[in-house]
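Chemist: To start, I am sharing the structure in question, which I have written as structure tokens.
The values are calculated or read from the model by the stated rules, or taken from the named source; none is laboratory data. Just so it is clear, the model here is predicted, and its values are computed rather than measured. As a convention, Cβ positions derive from the backbone with ideal geometry for all residues, glycine included, and neighbour counts pool all protein chains shown. Heavy atoms of the whole protein, side chains included, go into the accessibility calculation; ligands, DNA and RNA do not. Shrake-Rupley method; radii C 1.70, N 1.55, O 1.52, S 1.80 Å.
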Amino acid sequence: METKIGSLDSCKPATCNDVGCLPSNGAVSTIQSSAVPFTTAEATLGRHLARRLVQVGVSDVFSVPGDFNLTLLDHLIAEPGLNLIGCCNELNAGYAADGYARARGVGACVVTFTVGGLSVLNAIAGAYSENLPLICIVGGPNSNDYGTNRILHHTIGLPDFSQELRCFQTVTCYQAVVTNLEDAHELIDTAISTALKESKPVYISVSCNLPAIPHPTFSREPVPFSLSPKFSNQMGLEAAVEATVEFLNKAVKPVMVGGPKLRVAKACNAFVELADACGYALAVMPSAKGLVPEHHPHFIGTYWGAVSTAFCAEIVESADAYLFAGPIFNDYSSVGYSLLLKKEKAIIVQPDRVTIGNGPAFGCVLMKDFLSALAKRLKRNTTAYENYHRIHVPEGHPLKSGPKEALRVNVLFEHIQKMLSGETAVIAETGDSWFNCQKLKLPPGCGYEFQMQYGSIGWSVGATLGYAQAVPEKRVIACIGDGSFQVTAQDVSTMLRCGQNTIIFLINNGGYTIEVEIHDGPYNVIKNWNYTALVDAIHNGEGNCWTTKVRCEEELIEAIETATGTKKDCLCFIEIFVHKDDTSKELLEWGSRVSAANSRPPNPQ
């Protein structure tokens, strides 16, 4: 069976339960004789690229115009199923495509040669680290200039035009440089299909003189992609399941922990199926929050070593066996390499590989196949969850604020918790919002995204733009620190142009708080802005926008009532003033451990 990626109506948001998933295995798509012929004027590279984007599920493309991509942008605008969104800078266009891909399964951005390409590169690297299919399209030099000794603008002054390509080679899974029409069809289709198959960004450079020229290869409506799905090696799958069953069924108190690669493996449903069947205590790594339903009856919280949800780490680390599905153990997720886990107790399930303890390992075994098969074989064992239930003490509430008392961060997030529903989504910026948002309990259907692996401050502004554009039926709640906001603030302007009704909580504590807790210095203090006045200036009377400042709980309650009431159709920007040392206890602990990991002396030579 083949997977049909993107029929003509696939610009609708994905409806499957795996977050950011692509359409699942379906009927074989064949080349049909009813393929619609174009007029000669429509049989162009630009038209083909636009139709392909629509077919795979992209209905919004984030762009910054430049002289090398203007003709291509004309053709994207001409596509009825495509909406071109102009961003304030290329970095935010890339972040927006990242956020869009998290919600829709694929995103796209268009920039100009080198000055645009190198500017968007940081966002593409972040998408690569997070396994997001993102199509980065660059308007390139005139095809006649390749191979000459000419020096062009938007370059570093050398006749070699490959600098941009070489930079993209390390952060994309495929690069297509389209300099003639003969192979343009093949290069474009290969790039887009590779992004979908590999769940990684791709780079497509299109010479500026080619998009509008008709060519016979583009004379018919492009047939929807038919991508052959991956299959598990059946013998390997059976052997892996058999060995895992033997390992787990003799354990006394096994647990299971979901990791961020559940998304790329499209195994979220299979993971829940296994949890339902086996009865194990169920936790998630911090970067997998939002991929597993938190209302599951055996859910015990976020496993993050020393900064885990209360009582979660004790249950996970005291288990005599643990199954990790799609984990990434980096210095941040391991809290400075301080997790109390033992390899011989662990079953590590990656998207196409299973490793049991110190061995054996089984390759060519797909995670979703493995988890589904395992669900049918494991004995039910609720011991670990019963232990959790026995020791668990419900979380308390923040101390009640006095009249007009300065607002505390824990009070702020207590009120944000009450705002969450299946019709909302949370975007957490890099910083203390990581830790505060981790403690939010997500109701069924509530979206959640953050960028833990790459951790680029400022990511959330563009990502909020893209995510909100991808799922307009959800109201996005973005929690952004003042330092991060200063990096990418301009594209609040684009949110207003798009008529989005996001609620932004701008947490003003005067600096880079997460870095203060890792290593303090005067460089972590930033110039304070009048943030609401800045957003008002960006608003400039065009679009629906409401701003306010909040210094105490009474003002917060009033602001939330307004944002969710009379201003529910507006972009609401709420500036929250908190003390510079008001941080989560988790950040204090995490920061000290990451600092210790960063400051390890060199090994003896």
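Chemist: Whole number in Å², please: accessible area per residue of region 256-400, 1.4 Å probe, ligands, DNA and RNA not counted.
Modeler: Values: 5810 Å² over 145 residues.
Heavy-atom accessible area per residue stands at 40 Å².
Chemist: Just how far, in whole angstrom, is region 222-258 from region 135-184 if you go by their alpha carbon centroids?
Modeler: Computed from Cα coordinates, the inter-centre distance equals 41 Å.
Chemist: Per the 1.4 Å probe, what fraction of the accessible area of the chain, in percent, lies on carbon and sulfur atoms? If you can, show how the numbers build up before the last one.
Modeler: Details: 13050 of 24330 Å².
That share works out to 54 percent.
Chemist: While we're looking at this one, here's another question. Taking Rh as the Kirkwood radius, which is the inverse of the mean 1/r over Cα pairs, what is the Rg/Rh value for region 409-591? Don't skip to the end; give the middle numbers.
Modeler: Values: Rg = 15.2 Å, Rh = 16.3 Å.
Using Cα coordinates only, the ratio equals 0.93.
Chemist: Considering only region 188-322, what is the antiparallel percent among its DSSP beta bridges, to the nearest 5? Don't skip to the answer; put the middle values down first.
Modeler: Details: 0 of 8 bridges.
Percent antiparallel among DSSP bridges in region 188-322 is about 0.
Chemist: Does region 92-236 come out rounded, prolate or oblate by the C-alpha gyration tensor, with a ≥ b ≥ c the root eigenvalues, rounded set by a/c under 1.5 and, if not, prolate when a/b is larger than b/c and oblate if not?
Modeler: On the way: a/c = 1.98, a/b = 1.35, b/c = 1.47.
Cα axes put region 92-236 in the oblate bin.
Chemist: If you don't mind, there's one more thing I want to ask. Mind running the shape call on the chain? Use the C-alpha gyration tensor, a ≥ b ≥ c as the square roots of the eigenvalues: rounded below 1.5 for a/c, prolate if a/b tops b/c, oblate otherwise. Show your work: numbers first, answer last.
Modeler: On the way: a/c = 1.74, a/b = 1.20, b/c = 1.45.
Here the chain falls in the oblate category.
Chemist: Taking the DSSP beta bridges in the chain as the whole, what percent of them are antiparallel, to the nearest 5? Display every interim value, and only then the final one.
Modeler: Values: 14 of 77 bridges.
Antiparallel bridges make up about 20 percent of those DSSP assigns within the chain.
Chemist: Another question, if that's okay. Tell me the relative contact order for the chain as a rounded percent, counting alpha carbon contacts under 8 Å between residues six or more apart. Write down the numbers at each step before the final one.
Modeler: On the way: 1339 pairs, mean separation 81.6, N = 605.
Answer for the chain is 13 percent.
Chemist: When a/c reaches 1.5 or more, the comparison of a/b and b/c decides; with that in mind, is region 484-580 rounded, prolate or oblate per its Cα gyration tensor? List each step's numbers first, then the result.
Modeler: On the way: a/c = 2.58, a/b = 1.54, b/c = 1.67.
It comes out oblate by the Cα gyration axes.
Chemist: Same structure, new question: Would you please name the GluC sites (Glu not before Pro) within region 172-221 that are DSSP coil residues with at most 14 other C-beta atoms within 10 Å of their C-beta?
Modeler: E182
Chemist: May I ask you to give the average projected area over all directions of the convex hull of the Cα atoms of region 179-224, in nm² rounded to one decimal? Provide the component values of the computation, followed by the final result.
Modeler: Working: hull surface 14.4 nm².
The orientation-averaged projected area of the Cα hull of region 179-224 comes to 3.6 nm².
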